[in-house]
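Here's the structure we're looking at; comments come further down.
Nothing in this text is a laboratory measurement; each read-out follows from the coordinates by a stated rule. Bear in mind the structure is a predicted one, so any value in this text is a computation, not a measurement.
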Amino acid sequence: MAWRYGRRERSVSIADPAAATDTYVAAVPQHADKKEQMAKVISQYAKLVYAGQSKLGEMNPKQLAELQDFYLKEQIIRRPTPVAELYTNEFLN
């Protein structure tokens, strides 16, 4: 089963990160042993990526930098990337 992340899942992630984690782990069972880490990731997305978006998909460079710091701390990534290389809001209408 492929994990598809859309508007409904985004709304659940923001409103109830724990429920979103359960849904994610049910859809991607190979991450069941990493449920605690997945919960942290989903919670951080709710806090650092989705919070304050005026349009779906809008990115905030400060929030992305904080998320990247979290990824480094949790060893999800090995080294940082300049935040401006990670996103663009150019295509939002």
For segment 46-93, just the Cα atoms, rotate onto the principal axes and tell me the three extents in Å, largest first.
34, 21, 14
Among the lysines, which have Cα under 27 Å from the Cα of residue 73 when same-chain residues fewer than 8 positions away are ignored?
34, 35, 40, 47, 62
Gained length - residue 88 relative to residue 50, 0.36 nm times residue gap less alpha-carbon distance
12.2 nm
Over segment 7-85, consider all pairs of different Cα atoms and compute the Kirkwood hydrodynamic radius from their mean reciprocal separation; express it in Å, one decimal.
13.2 Å
A chain fully extended from residue 79 to residue 62 at 0.36 nm per residue, minus the present Cα-Cα distance, gains in nm 4.4 nm
